[in-house]
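The values are calculated or read from the model by the stated rules, or taken from the named source; none is laboratory data. Just so it is clear, the structure is predicted and the values come from calculations on it, not from any experiment. Backbone-built Cβ (ideal geometry, glycine too); neighbour counts: all protein chains shown.
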Amino acid sequence: MLVLLSDHTIQNVVIGAALLGMISGVLGSFAVLRQQSLLGDTLAHAALPGICLGFLIAGSRELSSLLGGAFVTAILAALLMLTLTRNSRLKTDAGLGIALSLFFALGVVLLTYIQGTANASQGGLDSFLFGQAAAVLRSDLWVMGGITFFSLGLVLVFWKAFKLVTFDPDFAKTLGLPVVILETTLTLTIAFAVVVGLQMVGVVLMAAMVIAPAVAARQWVKSLEGMVILAALFGVTAGIIGALISVMGRGLATGPLIVLTITALVIVSIFVAPERGVLWEELKRWRDRRELSGNQLLTTLYNLASRHRDPEYPAELGMIDAYHGLRTRRSLKRLERRGLITQVRHMPSEGWHWELTEAGISEARRILDQLGIKEA
């Protein structure tokens, strides 16, 4: 592993992937919380015509020109989406769909035109569709790093305002904050994340990098601060692991592996995250069902004892089953282990019966009182 990391090209790929994961996790958190998960997809596809225009203007595949053009067209797509949703009855998803289709179609036309020219330097320009991490140079990392840390600095400076606009824009407006400007700025910062990831994962897969780290982090934490930090960590981890896997498995594409890695983190988070994970939810439902079954049995025994005016009234298992229409032996054993009921012999010729203990009587009364049910 250390031998691999000493390779200059591999270092560039790993560092670039880490920068991508960091900026995607931080800025993607705001997109997910603002219910604009498709924003990353729209801006990524809208960057394609900018890449083509940057190439036509510069006449070569100079990264700064390509990313500059991508950023401009991504901004235009974001502004088009905001204009459509604010000045018409279109919903956000419709505005995003229109912007995505329009700009991506324009990008495909320009890419086809460039590929039909005799310019030899256009070779590999279509790699921006799916990314080409191995082509990242050390000079490219300076550009990507500058964009990343500028974006993070912007988030840090406007943290409180961005936080308020994300959760309660109406309240932010009553405080006199320029909500429209802040929302626009927040939307445009996501374009920075898209621009950083174009060469690593490409136009098509960049949407996953904007959404996935934030979705995974959302399962584990409840605060925005924790979500942003964890999403950045998830993004960096996925970027590094995906890059290393692609290096060790010669010929494997880096971008898709990064996306598959962060997707795996999302799946794990959805299933095992405390309180919100699917497995935890199922465990909670199972415990609730078991507790409900025990409470029903306990109150049944209490009501039988109350009707017979005998706190120590022994109830036979068949009678209890007749009340509930199911086999109740396991629930009765659990109540017995809790010291709420005890097993007794009613008559030598009959089987075991169950009666309430003092603790069981108190617990049954508490349950009935909590439910607002009067004693029988």
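Details
- Look at (1) buried (at least 21 other Cβ atoms within 10 Å of the Cβ); (2) more than 15 Å from residue 66 (Cα to Cα); (3) out of contact with any Ser or Thr (no Cβ under 8 Å at 6 or more places or on another chain) and you find that residue 171 fails only one, number (1).
- Single residue of 203, 157 found to be in contact (Cβ under 8 Å) with a residue 60 or more places away in the chain and either more than 19 Å from the chain's Cα centre (by Cα) or over 30 Å from residue 61 (Cβ atoms) (or both): 203
- Residue within the stretch 217-233 that is within 24 Å of residue 47 (Cα to Cα), at pLDDT 85 or above and part of a helix (DSSP H, G or I) present: yes
- Pick from the stretch 94-120, criterion exposed (fewer than 14 other Cβ atoms within 10 Å of the Cβ) and in a helix (DSSP H, G or I), ranking: modelled with the lowest pLDDT: 120
- The stretch 174-195, subset surrounded by 15 or more Cβ atoms within 10 Å (Cβ to Cβ) and out of contact with any Leu (no Cβ under 8 Å at 6 or more places or on another chain), residue nearest to residue 68 (Cα to Cα): 188
- Per the conditions (1) within 26 Å of the chain's Cα centre (by Cα); (2) in a helix (DSSP H, G or I), the sole criterion not satisfied by residue 66 is (1).
- Verdict on residue 239 being assigned by TED's automatic domain parsing to the domain that holds residue 18, in contact with a helix residue (DSSP H, G or I) (Cβ under 9 Å, 6 or more places away or on another chain), surrounded by 19 or more Cβ atoms within 10 Å (Cβ to Cβ) and at pLDDT below 85: no
- Complete set of residues in the stretch 163-209 that are assigned to a helix (DSSP H, G or I), more than 16 Å from residue 19 (Cα to Cα), modelled with pLDDT of 80 or more and aliphatic (A, V, I, L, M): 164, 165, 172, 179, 180, 181, 182, 186, 188
- In this structure, residue 153 does not satisfy being assigned by TED's automatic domain parsing to the domain that holds residue 195, at pLDDT below 80 and not β-branched (Val, Ile, Thr).
- Given (1) within 19 Å of residue 190 (Cα to Cα); (2) over 25 Å from the mean Cα position of the chain (by Cα), index of the condition residue 59 fails: (1)
- Taking the conditions (1) surrounded by fewer than 23 Cβ atoms within 10 Å (Cβ to Cβ); (2) farther than 18 Å from residue 199 by Cβ; (3) touching a Leu at 6+ places or on another chain (Cβ under 8 Å) in turn, residue 234 satisfies each one other than (1).
- The set of residues from the stretch 34-62 being surrounded by fewer than 24 Cβ atoms within 10 Å (Cβ to Cβ), in contact (Cβ under 8 Å) with a residue 12 or more places away in the chain and touching a Gly at 6+ places or on another chain (Cβ under 9 Å) comprises 37, 38, 53, 55, 56, 57, 61.
- Of all positions in the stretch 73-81, at least one carries a residue that is over 16 Å from residue 207 (Cα atoms), free of Cβ contacts under 8 Å to residues at least 24 places away in the same chain and surrounded by 18 or more Cβ atoms within 10 Å (Cβ to Cβ).
- Within the stretch 151-162, tally of residues that are surrounded by fewer than 18 Cβ atoms within 10 Å (Cβ to Cβ) and assigned to a helix (DSSP H, G or I): 6
- Residue 227 being of a type outside the set (Phe, Trp, Tyr) and under 13 Å from the mean Cα position of the chain (by Cα): yes
Condition check ((1) under 30 Å from residue 198 (Cα atoms); (2) of a type outside the set (D, E, K, R); (3) in the same structural domain as residue 357 (by TED's automatic domain parsing); (4) in contact with a helix residue (DSSP H, G or I) (Cβ under 8 Å, 6 or more places away or on another chain)) across all residues:
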residue: 247; (1), (2), (3), (4): yes, yes, no, yes
residue: 254; (1), (2), (3), (4): yes, yes, no, yes
residue: 258; (1), (2), (3), (4): yes, yes, no, yes
residue: 267; (1), (2), (3), (4): yes, yes, no, no
residue: 284; (1), (2), (3), (4): no, no, yes, no
residue: 291; (1), (2), (3), (4): no, no, yes, no
residue: 301; (1), (2), (3), (4): no, yes, yes, yes
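- Tally, over the stretch 71-89, of residues that are over 26 Å from the mean Cα position of the chain (by Cα) and either part of a helix (DSSP H, G or I) or not basic (Lys, Arg) (or both): 9
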